[in-house]
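Since the structure comes first, as structure tokens, the remarks are kept for the end.
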Amino acid sequence: MPPADPKRILVIDGHPDPQPERFVHALADSYRAGAESAGHDVRLVRVAELDFPLLRTAHDYRHGELPPVIRAQQQLLLWAQHVAVLFPLWLGSTPALLKGYFEQALRPDFAFGAERGRGLPEKLLKGRSARVIVTMGMPGMFYTLVYRAHSLRSLERNILAFVGFAPIRDTVIGSVEELDAAARDGWLATVRRLGRRGS
């Protein structure tokens, strides 16, 4: 039975390693499978499979030519009503390739407009919600309590909320190297449920 409120969902698998055994890839597949089983319309993007240059100057960021692959990503972002972003924590933050993806796709005049009022830019991607799922080697509680999930909060506040995403929810999966098969299956089932709910 289709959901009462089916959504257009974009799943962004932000692991930069294309090797299929990476847990983030399995989580992304689980989220997609759950969403599709509930009748949502889903697109899955694996950032590791995209070929785009990293931006190096402010001029390129504001005025540089948009690579065709990034133009296609912008169209997916416009299409989506909900976006799920999954990535592993590397050196305490998002992997460089995922950060580069956002820098390329969330350009001025696409993701945010000219400053207004108190100098705040217009959020051009309003009306979309997001779920961020991050894996890490350290215990998730340690990351949350001691490091205050600083890099996760930065992604949510300084990138997603900055361009209009709301609400933004997150899931932290810690100690991934120590998870046994049952624990991994449990997380895959949890993420599948999130996909079914489109949240």
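The values are calculated or read from the model by the stated rules, or taken from the named source; none is laboratory data. The shown structure was predicted, so the numbers you read here are calculated from the model rather than taken from an experiment. Ideal geometry is used to build each Cβ from the backbone, glycine not excepted, and the neighbour counts take in all protein chains shown.
When you look at LEU98, is it modelled with pLDDT of 95 or more and farther than 21 Å from LEU188 by Cα, yes or no? Spell out how you get there, then give the answer.
Details: modelled with pLDDT of 95 or more: yes; farther than 21 Å from LEU188 by Cα: yes.
Spelling it out, LEU98 is indeed modelled with pLDDT of 95 or more and farther than 21 Å from LEU188 by Cα.
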LEU124 touching a strand residue (DSSP E or B) at 6+ places or on another chain (Cβ under 7 Å), modelled with pLDDT of 95 or more and aliphatic (A, V, I, L, M): yes
Strands (runs of 3 or more DSSP E) contained in region 119-174 and holding at least 2 residues buried (at least 19 other Cβ atoms within 10 Å of the Cβ), of a type in the set (Lys, Arg) and touching a residue at least 24 places away in the same chain (Cβ under 8 Å): none
Considering residues of region 149-166 that are touching a strand residue (DSSP E or B) at 6+ places or on another chain (Cβ under 9 Å) and among the aliphatic types (A, V, I, L, M) only, the residue modelled with the lowest pLDDT: ALA149
Residue under evaluation GLY100, criteria (1) within 13 Å of the chain's Cα centre (by Cα); (2) over 21 Å from ARG32 (Cα atoms); (3) not in a helix (DSSP H, G or I), criterion not met: (3)
Positions within region 175-191 being among the polar types (S, T, N, Q) and either outside any helix (DSSP H, G or I) or in contact with a helix residue (DSSP H, G or I) (Cβ under 6 Å, 6 or more places away or on another chain) (or both), in sequence order: SER175
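Can you tell me which of VAL132, VAL176, VAL146, VAL85 is over 22 Å from LEU66 (Cβ atoms) and in contact with an Asp or Glu (Cβ under 9 Å, 6 or more places away or on another chain)?
Working: VAL176 fails: in contact with an Asp or Glu (Cβ under 9 Å, 6 or more places away or on another chain); VAL146 fails: in contact with an Asp or Glu (Cβ under 9 Å, 6 or more places away or on another chain); VAL85 fails: over 22 Å from LEU66 (Cβ atoms).
None of the other options fit; the residue is VAL132.
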Breaking point among (1) under 14 Å from ARG131 (Cβ atoms); (2) more than 15 Å from the chain's Cα centre (by Cα), for GLY39: (1)
Condition check for PRO108: touching a Lys or Arg at 6+ places or on another chain (Cβ under 6 Å) and in contact (Cβ under 8 Å) with a residue 12 or more places away in the chain: yes
Tally, over region 92-110, of residues that are of a type outside the set (Ser, Thr, Tyr) and within 16 Å of SER154 (Cβ to Cβ): 9
